[in-house]
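Encoded as structure tokens, the structure appears first; notes follow it.
The values are calculated or read from the model by the stated rules, or taken from the named source; none is laboratory data. Quantities reported herein were computed from a predicted structural model and do not represent experimental measurements. For neighbour counting, all protein chains shown are included, and Cβ atoms are generated from backbone atoms with ideal geometry for every residue, glycine included. Please note that ligands, DNA and RNA were not included when accessible areas were found on the heavy atoms of the full protein model with its side chains. Shrake-Rupley method; radii C 1.70, N 1.55, O 1.52, S 1.80 Å.
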Amino acid sequence: MVHLNNFDGQTSKLQRRARLTNPDSARKPVTLANTDAMEVDEEPVRPSHPLDVLHLEVVEHFSGLLLAVIDRVGGPEVPWHGPPSGWVSQHAPTWAKVAFAEWTPRECVRYLGRKEGLQASQGRLDKLENFLMYPDKRGGRKGQDWTRSDWESCVVTLEDIGGSWADEELRESSQVLKRFTQGTFLLRMRPTGM
């Protein structure tokens with residue numbers, strides 16, 4: 001199993017989220033008031049495949065970094081408080097229809113992809129958009145469902161974004177991710193149902 005404790009210098013974000021919701025939930029099942037109800041365990045289901053675990057960490061980590069880049073370089077076209085005048089053309093890009101605080105990595109990549117100076121192809125940007133989505137969202141997949149070349153392409157595209165806007169944190173995180181990805185693909189793995 002891959003250990004991601006060093007990816008962002010803290011414990012796993014999934015573990016922190018579980019502890020924040022209820023520090024005792026990892027060991028105590030919750031019983032419902034109805035006596036006929038069965039016991040429910042609140043602990044989130046963690047993926048067992050190393051690439052799935054790494055993928056979830058990547059989505060959470062880079063979502064915040066991309067938002068920070070846009071917060072710094074975003075122009076007046078970014079809908080900071082929602083779409084201007086409440087009406088937006090149906091042909092407007094998705095990022096223009098949503099308030100900035102609600103942007104997903106998809107909107108971030110689409111916005112940055114149309115800015116001047118980014119030297120990434122549209123195909124690589126499209127792949128990164130989907131790669132940075134959770135598996136249960138449209139276009140998203142589990143980490144093990146992405147090929148090694150997909151992982152490598154997405155890491156390079158994240159590096160390109162960091163380099164284009166001189167964002168040192170994004171560049172460094174991309175380099176760390178490159179090492180984690182290489183190490184994870186060296187592990188002996190089998191596909192899993194989770």
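Brief remarks on what is shown
- Any hit, the range 111-130, residues being assigned to a helix (DSSP H, G or I), surrounded by 13 or more Cβ atoms within 10 Å (Cβ to Cβ) and touching a strand residue (DSSP E or B) at 6+ places or on another chain (Cβ under 6 Å): no
This table checks each residue for (1) of a type in the set (Asp, Glu); (2) farther than 26 Å from Pro47 by Cα; (3) assigned to a helix (DSSP H, G or I).
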{"residue": "Asp136", "(1), (2), (3)": "yes, no, no"}
{"residue": "Thr157", "(1), (2), (3)": "no, no, yes"}
{"residue": "Ile161", "(1), (2), (3)": "no, yes, yes"}
{"residue": "Gln182", "(1), (2), (3)": "no, no, yes"}
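- Residues in the range 139-194 that are hydroxyl-bearing (Ser, Thr, Tyr), under 19 Å from Gly117 (Cα atoms) and open to solvent by 40 Å² or more (accessible area, probe 1.4 Å): Ser164 alone.
- Taken over the range 71-101, the criterion of being among the small types (Gly, Ala, Ser), modelled with pLDDT under 85, touching a helix residue (DSSP H, G or I) at 6+ places or on another chain (Cβ under 9 Å) and open to solvent by less than 40 Å² (accessible area, probe 1.4 Å) is satisfied by Gly82, Ala96.
- Screening the range 131-170 for residues that are touching a residue at least 40 places away in the same chain (Cβ under 8 Å) and of a type in the set (D, E, K, R) and picking the one that is farthest from Gly183 (Cα to Cα) gives Asp167.
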